[in-house]
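Report on the structure given below.
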């Protein structure tokens, strides 16, 4: 009887041990998934912010030029110039910033005497300046395309301005919603904040350009 009880206790102990290891593995998997999601959400949020910058800056530029030049060619050229200049500026800025971060991380690794030469996975964990620059330029360009496409085929000035304003407003609400979802923030407040910010930027640009244009400078 004693040996039977002993084997039963051992079986229970092994079973409990296995359950404990299974729980630990499950916890590690959950934490790994959460960590991966966190990293993905940061990239997505950066992309949304870049697209929002392209949207607001290009739309404001087009509205500003449209305040003094009502023909479609002037608005389209100004928007296209804003897209190219903004995308290049974002790409260069992101490249320099991420390259500086890469230099700091490599220097820290050398100080800690960590060899990364043959570990491909660890190499990929380091920031990539070219990837960051390309992603930033692409996100900005996507946002800037919204007012450009909205204004491309409308000759009447008032209708064109109204369509651009409507398309930009819709896109601002979408970007505000995406930013709120990724940042786990209140959706309505985020949408209103982004929408009002975009309207204010366009209104200030339009008003100041109109004022300077009417003064004959």
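Normalised by 2.2 N^0.38 Å, where N is the number of residues, the alpha-carbon radius of gyration of region 137-217 equals 1.28.
Counting other C-beta atoms within 10 Å, which of 110, 184 has the fewest, and how do the rest follow? Present the calculation step by step, with values, prior to reporting the outcome.
On the way: 110 11, 184 7.
Ascending Cβ contact count within 10 Å gives the list 184, 110.
Extension gain, residue 153 to residue 70, is 28.5 nm, computed as 0.36 nm per intervening residue step minus the present C-alpha separation. In region 51-214, the C-alpha radius of gyration followed by the widest Cα-Cα span (Dmax) gives 20.0, 66 angstrom. Going by neighbour counts of Cβ atoms within 10 Å, the residues 111, 193, 160 line up, fewest first, as 111, 193, 160. Put a dot 7 Å past each Cα toward the Cβ at residue 211 and residue 88; how far apart are the dots in nm? The two pseudo-label positions are separated by 3.1 nm.
Read-outs: derived from the displayed coordinates by stated rules, not from any lab. Since the structure is predicted, the reported quantities are computational estimates derived from the model, not experimental observations. Counting neighbours? That spans all protein chains shown, and the Cβs are built from the backbone with ideal geometry, glycine included.
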